[in-house]
Amino acid sequence: MGIYQSIYVALLIVAWYVFSIFAGIYNKDYLNIHPLPLWFTCAQALVGSVFGFVALKSLGLYQVPSKSVEWKLLGVSSIVHCIGTILTNISTLQAQVSFTHTVKSADPLFTVILSFYYLGQKFSKTTIASIVVIVLGIALACTTEFSFTWGGFLTAMASNAVFSTRTIFSKKLLVETKMDNQNVFLYISFGTLLFLLPFLLLEIFLYPDEHYRAFIEDPQFWLLFKAGMSHYLYNVTSYLLLKHLTSVTHSVTQGFKRLFICLLYTSPSPRDRQKSRMP
């Protein structure tokens, strides 16, 4: 990797961290107002789909998949991204930010295991030991004063496995096809929206009052837009980085991102304290 490419990658990492911080803040704020993770995930995908399509079309960068293998890998990546985002939003709703990121710091270990399972990649004992030390260090550094919740723990842990799978399939898609990073995430946003719509309609039918408040009484459209945009930009920079990094290196870099985020949440918010006291 040359000096200019190294600088480019470093700038992408900084942008990734910044967008991730804003995404975490806006996500938590919106879900505290309207605890509807399914609707919120759909809104994130909608904002990303519209903005991404308009931006790529305007710049002449929009691509249409031409091979069946591209559609297949995009479909798998869309489904796992959808599930992972819902799990993360549920964990964000049920637990403090520091707790969620402490659990999600185990992501590199999942990537190593799944890379071996899906791709047959083998790693030396030294590499595995180094990753374990890094993960434990990040987890200890992220551990602040938080209250344990099984819901937050299980959803965050499940999202590790899901997002590691997405990273592996997305890397495979970028390597084996001519699709570029921005278009890959655009189609993943499309797929997420299409996959979730039937479930969202069912949820609206089952819980009409909650959705009426979210849609009509107190829609919080500006906050929703900021959450969707930061989510889109955070994921696009992640995919741009994935082009230059291996899946495992990408996961380790994400682990340090979690450490950086946790440093901003060294103590629970008053709202989280009140929530932790609730039975």
Condition set open to solvent by 20 Å² or more (accessible area, probe 1.4 Å) and touching an Asp or Glu at 6+ places or on another chain (Cβ under 9 Å), scope the stretch 241-253, selection farthest from LEU109 (Cα to Cα): answer is LYS243
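Condition (residue is small (Gly, Ala, Ser), buried (at least 21 other Cβ atoms within 10 Å of the Cβ) and farther than 16 Å from ARG258 by Cβ) applied to the stretch 52-59: is it met by at least one residue?
To start, the set of residues in the stretch 52-59 that are small (Gly, Ala, Ser) comprises 52, 55, 58.
Now restrict to residues that are buried (at least 21 other Cβ atoms within 10 Å of the Cβ): 52.
In the following step, the residues that additionally are farther than 16 Å from ARG258 by Cβ were identified as 52.
Checked against the condition, which is being small (Gly, Ala, Ser), buried (at least 21 other Cβ atoms within 10 Å of the Cβ) and farther than 16 Å from ARG258 by Cβ, the stretch 52-59 yields at least one hit.
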Subset of the stretch 79-91 that is farther than 15 Å from PHE190 by Cβ and out of contact with any Pro (no Cβ under 8 Å at 6 or more places or on another chain) - its residue that is surrounded by the most Cβ atoms within 10 Å (Cβ to Cβ): SER91
Quick test for you: out of LEU259, LEU233, pick the one residue that is within 26 Å of PHE110 (Cβ to Cβ), modelled with pLDDT of 90 or more and open to solvent by 20 Å² or more (accessible area, probe 1.4 Å). LEU233
Flagged in the stretch 1-34 as closer than 18 Å to PHE99 by Cα, polar (S, T, N, Q) and surrounded by fewer than 18 Cβ atoms within 10 Å (Cβ to Cβ), in numbering order, are ASN32
Picking from ILE188, ILE204, which residue would you name as being among the β-branched types (Val, Ile, Thr) and open to solvent by 30 Å² or more (accessible area, probe 1.4 Å)? ILE204
With (1) without any contact (Cβ under 8 Å) to a residue 12 or more places away in the chain; (2) surrounded by 15 or more Cβ atoms within 10 Å (Cβ to Cβ); (3) polar (S, T, N, Q) as the list, and THR100 as the residue in question, which single condition is left unmet? (1)
Given the criteria farther than 27 Å from GLN121 by Cα and either open to solvent by less than 50 Å² (accessible area, probe 1.4 Å) or modelled with pLDDT under 90 (or both), does MET179 qualify? no
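Across the stretch 206-230, what is the number of residues that are aromatic (Phe, Trp, Tyr), at pLDDT below 90 and in a helix (DSSP H, G or I)?
Selection size over the stretch 206-230: 2.
Okay, residues lined up against (1) on the phi < 0 side of the Ramachandran plot; (2) of a type in the set (Gly, Ala, Ser); (3) modelled with pLDDT of 75 or more:
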position: SER68; (1), (2), (3): yes, yes, yes
position: SER78; (1), (2), (3): yes, yes, yes
position: SER105; (1), (2), (3): yes, yes, no
position: SER115; (1), (2), (3): yes, yes, yes
position: GLN121; (1), (2), (3): yes, no, no
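The values are calculated or read from the model by the stated rules, or taken from the named source; none is laboratory data. In this text the structure is predicted, and so the values were computed from the model without any measurement. Cβ coordinates were reconstructed from backbone atoms using ideal geometry, including for glycine residues, and neighbour counts include every protein chain displayed. When the accessible area is computed, the model is the full protein with side chains, heavy atoms only, and any ligands, DNA or RNA have been set aside. Shrake-Rupley method; radii C 1.70, N 1.55, O 1.52, S 1.80 Å.
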